[in-house]
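Below is one structure; the comments refer to it alone.
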Amino acid sequence: MAGRSVVGPTALRMMLGSHLRELRERAGVTRSDAGWAIRASESKISRLELGRVGFKERDVDDLLTLYGVQDARERDRLLELAREANDPGWWHRYGDVTPEWFDSYLGLEATAELIRTYEIQFVPGLLQTADYARAVAQLTPGGARTDNEIERVVALRTRRQRVLDREPPLKLWAVIEESVLHRPIGGPDVLRNQLGALREAVTRPNVTVQIIPLESTGHAATGGAFSLLRFPQRDLPDIVYLEHLTSALYLDKRDDVEAYTQALDLLASTSPSPQQTEHELTRLLERLPA
């Protein structure tokens, strides 16, 4: 179990679920029969194997028996993995200001070694200043947040940004529509400080930003913003994250991931190079009204 301390519970659930699926398929057991063995439905087995829900140790123990896993060390390893996967991540304490469907993303973000993202509305969250994040938090649909809730959202955003400073740091590669950098969210001063912070961020070796010019005639990423997360664990596939107003999609099928990867590759190859970004941000800053 050495070296797993940096892996969040979301990733651990996915790793355990993937392993249980392999064991079930190797044993020739259907999802329906597996569900029967743990007093659950076939859909529950599907959610377990996708890492969408937590594991009960008793259920894991029963499934291992059903799948013919007799080696005591292997059983102990997988049961320990189930216990670790049930531990709440640090983001759990912000559950009062985040939707439940966002928890999985927070867990994956904390574990990822690389995030590639395409943004059309906001500066990427991992690069937002506190004031910019505060202004974004005030745009929540369905009713205004209280001042305390807004500050907790900002605290969560700031805490998430530590992944850029950990060892080894997360590598972030963002492709941003230039219109994002003209939008005065929070007012001109907030935007000015945000652009300055972004210009400083792109000097970091683990942060790459490309800006799609306003005069761009179009590109492959026509479906809106999305992120692609890659992990150091071989057990975990790349994940595409698509956020909607009231929900999110997590795609890990090879065809889906390849389609979004190709879209990102095309965006990167047809946009101005990262080496031009610092100059472009300086130009945008100089054009802001005093």
Checklist outcome for this item: Stretched fully, the stretch from residue 248 through residue 146 gains (0.36 nm per residue minus C-alpha distance, one decimal, in nm) 34.3 nm
Checklist outcome for this item: Rounded to whole Å, √(5λ) for the Cα gyration tensor eigenvalues of segment 82-192, largest first, gives 24, 19, 12
Checklist entry - What distance in nm separates the simple spin-label points at residue 77 and residue 37, each placed 7 Å from Cα in the Cβ direction? => result 1.9
Next on the checklist: Stokes-Einstein diffusion coefficient for segment 6-84 at 25 °C in a medium of 0.890 mPa s, Rh from the Kirkwood formula over Cα pairs: what value in µm²/s?
Outcome noted: 200
Checklist entry - What's the Kirkwood radius of segment 141-290 in Å, using all Cα pairs? => result 17.6
Checklist entry - Dividing the convex hull volume of the alpha carbon atoms of segment 1-153 by its residue count, what do you get in Å³ per residue? => result 151
Checklist entry - Leaving out ligands, DNA and RNA, what percent of the accessible area of segment 121-266 is carbon and sulfur, probe 1.4 Å? => result 50
Checklist entry - Under the classification rounded if a/c is under 1.5, otherwise prolate if a/b is larger than b/c and oblate if not, where does segment 20-61 fall, given a ≥ b ≥ c as square roots of the Cα gyration tensor eigenvalues? => result rounded
Next on the checklist: If I fit a long axis through the Cα atoms of helix 277-287 and take the longest principal axis of the Cα atoms of the chain, what angle between them do I get, 0 to 90°, rounded to 10?
Outcome noted: 40
Next on the checklist: Kirkwood Rh over alpha-carbon pairs of segment 251-290, then Stokes-Einstein at 37 °C and 0.692 mPa s: what D in µm² s⁻¹, rounded to an integer?
Outcome noted: 262
Checklist outcome for this item: Computed, not fitted: 222 nm per-residue ellipticity of the chain from DSSP H runs ≥ 4 (each -39500 (n - 2.57)), nearest 500, equal to -14500 deg cm²/dmol
Item to check | Solvent-accessible heavy-atom area per residue, rounded to whole Å², over the chain at 1.4 Å | outcome: 52
Item to check | Value in Å of the Kirkwood radius, where the chain supplies the Cα pairs that are averaged | outcome: 20.9
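The values are calculated or read from the model by the stated rules, or taken from the named source; none is laboratory data. Please read all numbers here as calculations on a predicted model, not as lab measurements. Note that each Cβ is placed from the backbone with ideal geometry, even for glycine, and that neighbours are counted across all protein chains shown. Just the protein is used for accessible areas: all its heavy atoms, side chains included, with ligands, DNA and RNA removed. Shrake-Rupley method; radii C 1.70, N 1.55, O 1.52, S 1.80 Å.
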